[in-house]
Amino acid sequence: MINPDHARLKMVEEQLVPRGITDSRVLEAMRKVPRHLFLEEALADRAYDDSALPIGEKQTISQPYIVALMTQALALRETDRVLEIGTGSGYQTAILAELAERVYSIERVKSLALQARERLDRMGYRNVAIRIGDGTYGWGNAAPFDAILVAAGSPSVPPLLVEQLREGGRLVIPVGDRHVQRLQVGVKQGGQLVVSDLGDCVFVPFIGAFAWNADAC
Ligand code: SAH
């Protein structure tokens with residue numbers, strides 16, 4: 001394997017900067033977090049490829065560019081409290097934890113949540129809470145959040161997530177059918193989301209009470 005630290009800097013310069021990731025705090029976090037440690041060993045040498053990769057349980061770690069784009073869209077401040085849905089490998093969680101005060105992350109697959117918990121603990125992230133469950137309900141008793149990131153493709157925006165976002169807060173979510181979605185970023189104004197579109201994307205399905213039905217996936 002080529003030196004992972006070198007590969008990571010190259011990833012930032014070749015995949016993120018030319019595509020318009022300009023937020024210096026996001027670039028710094030992407031240079032810092034060791035993505036190869038969020039994959040099984042056999043895949044570690046592909047960690048800095050320009051693609052999503054399997055993490056088991058039919059789930060994937062998102063492409064680095066998509067992680068950076070979604071994070072940049074949230075315009076996080078150091079004092080923010082963030083809700084993430086779809087912990088997966090915990091990689092995106094670590095990026096958020098670098099940039100915000102506290103991250104609340106929900107994952108429906110227990111084995112993934114436990115692995116992510118262990119990794120993040122080992123790496124010393126002390127500002128992350130992980131819960132196993134259906135993230136379409138949000139995390140009511142930790143609300144309101146300054147920002148919400150959904151890392152799975154949804155047919156629509158679950159209403160409880162909008163409710164749990166503070167006025168002026170931002171929510172990023174892939175919305176579409178099971179195979180392709182548009183990445184949407186919404187700002188809550190007057191209780192409603194004002195949405196803009198960041199382009200096409202492909203995510204695993206968001207499965208839960210206010211998204212897709214598990215049987216059909
Ligand atoms: N950010 C993660 C992406 C993981 S893929 C990473 O980069 O590793 C999306 C994750 O969303 C999967 O792990 C999947 O199990 C989870 N997921 C799907 N529906 C969910 C739901 N309703 N609540 C919580 N997690 C969900």
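Readers should treat all values here as calculations from the given coordinates under stated rules, not as data from a laboratory. Because the structure is predicted, anything quoted here is derived from the model rather than measured. Here the Cβ is made from the backbone with ideal geometry for all residues, glycine too, and neighbour counts use every protein chain on show.
Rg and Dmax of the chain, based on Cα coordinates, read 15.9, 51 Å. For the chain, what proportion of DSSP beta bridges, expressed in % and rounded to the nearest 5, is antiparallel? For the chain, the DSSP antiparallel bridge percentage is about 45. If I take R0 = 30 Å and measure r between the Cβ atoms of residue 22 and residue 156 in this structure, what FRET efficiency does the formula 1/(1 + (r/R0)^6) give, to the nearest 0.05? FRET efficiency, residue 22 to residue 156: 0.50.
Taking label positions 7 Å along the Cα-Cβ direction at both residue 163 and residue 137, the computed distance is 1.2 nm, reported to one decimal.
Among the GluC sites (Glu not before Pro) in region 1-81, those placed in a DSSP loop whose Cβ has at most 11 other Cβ atoms within 10 Å are 78. Across region 121-217, the mean sequence separation of Cα contacts (distance under 8 Å, 6 or more residues apart), normalised by length, yields a relative contact order of 26 percent.
Of 173, 106, 66, 132, the sequence from fewest to most neighbouring Cβ atoms within 10 angstrom is 132, 66, 106, 173. Computed about the Cα centre, the dipole magnitude for region 90-215 is approximately 280 debye when only Lys and Arg (+1) and Asp and Glu (-1) carry charge, each at its Cβ. FRET efficiency for the residue 182 to residue 2 pair, using the beta carbon distance and R₀ = 25 Å, is estimated at 0.10. Based on Cα contacts under 8 Å between residues 6+ apart, the chain shows a relative contact order of 15 percent.
Considering the options 196, 109, 127, tell which one lies farthest towards the positive end of the dipole of region 4-216, charges being +1 on Lys and Arg and -1 on Asp and Glu at the Cβ, about the Cα centre. Projecting each Cα onto the dipole axis, the largest value belongs to 127. Residue order for 55, 130, fewest other beta carbons within 10 angstrom first, comes to 130, 55. Once both axes come from the Cα atoms, what is the angle between helix 110-122 and the longest principal axis of the chain, in degrees from 0 to 90, rounded to 10? Helix 110-122 sits roughly 60 degrees off the main axis of the chain. Under Stokes-Einstein, with the Kirkwood radius over Cα pairs as Rh, the value for region 11-92 at 20 °C and 1.002 mPa s is 160 µm²/s. Counting only residues at least eight positions apart within a chain, or on another chain, the lysines with an alpha carbon under 17 Å from that of residue 32 are 10. For region 163-179 and region 1-68, compute the distance between their C-alpha centroids and round to whole Å. Each part reduced to its Cα centre gives a spacing of 23 Å. The order of 99, 76, going from fewest to most other C-beta atoms within 10 Å of their C-beta, is 99, 76. Relative to the longest principal axis of the Cα atoms of the chain, helix 64-74 runs at roughly 40 degrees.
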